[in-house]
């Protein structure tokens, strides 16, 4: 089994300099920048106002979040099966699946009373 970043499944199908954004909840977006389908910056999570589109000429991903940027919206808007397959590096052996955490957890350890 191969792990794939969902942003790569979208961004890997884009042409030119493209910003990809999806919903990260809490009024934030997951984002990364791509040039001809290759990730150049990210992934990261920020408030949309804090995302620097850099050289991006278009934005792809979740339409309601893509609309937050002053860029033309392009497809794809979500990961497709073809995008997921295309994002896999087939030359590598499958590695153990490891989650990609882009923000600190809300849960905090309880203080120990002595």
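The values are calculated or read from the model by the stated rules, or taken from the named source; none is laboratory data. All figures in this text were calculated on a predicted structure; none of them were measured in a lab. Cβ coordinates were reconstructed from backbone atoms using ideal geometry, including for glycine residues, and neighbour counts include every protein chain displayed.
Taken over segment 45-58, the criterion of being under 14 Å from residue 23 (Cβ atoms) and either in contact with a helix residue (DSSP H, G or I) (Cβ under 9 Å, 6 or more places away or on another chain) or assigned to a strand (DSSP E or B) (or both) is satisfied by 45, 46, 48.
Within the group 111, 82, 47, 86, which residue is surrounded by 12 or more Cβ atoms within 10 Å (Cβ to Cβ) and free of Cβ contacts under 8 Å to residues at least 24 places away in the same chain?
Answer to the selection: 47.
If we keep just the residues of segment 93-102 that are more than 15 Å from residue 9 (Cβ to Cβ) and either touching a helix residue (DSSP H, G or I) at 6+ places or on another chain (Cβ under 7 Å) or at pLDDT below 80 (or both), which is surrounded by the most Cβ atoms within 10 Å (Cβ to Cβ)? So the residue we want is 102. Would segment 74-87 turn up any residue that is farther than 24 Å from residue 2 by Cα, in a strand (DSSP E or B) and touching a strand residue (DSSP E or B) at 6+ places or on another chain (Cβ under 8 Å)? No; the residues of segment 74-87 include none that is farther than 24 Å from residue 2 by Cα, in a strand (DSSP E or B) and touching a strand residue (DSSP E or B) at 6+ places or on another chain (Cβ under 8 Å).
Selection of segment 13-26 for residues being in a loop (DSSP other than H, G, I, E, B) and more than 20 Å from residue 99 (Cβ to Cβ) yields 13, 14, 15, 16. Yes or no: segment 74-87 includes at least one residue that is within 19 Å of residue 32 (Cα to Cα), at pLDDT 85 or above and within 17 Å of the chain's Cα centre (by Cα). Among the residues of segment 74-87, at least one is within 19 Å of residue 32 (Cα to Cα), at pLDDT 85 or above and within 17 Å of the chain's Cα centre (by Cα), which makes the answer yes.
Assess whether residue 10 counts as being over 18 Å from residue 104 (Cα atoms) and under 9 Å from the mean Cα position of the chain (by Cα). It is true that residue 10 is over 18 Å from residue 104 (Cα atoms) and under 9 Å from the mean Cα position of the chain (by Cα).
Considering only residues in segment 28-44 that are in contact with a helix residue (DSSP H, G or I) (Cβ under 8 Å, 6 or more places away or on another chain) and not in a strand (DSSP E or B), the one that is surrounded by the most Cβ atoms within 10 Å (Cβ to Cβ) turns out to be 28.
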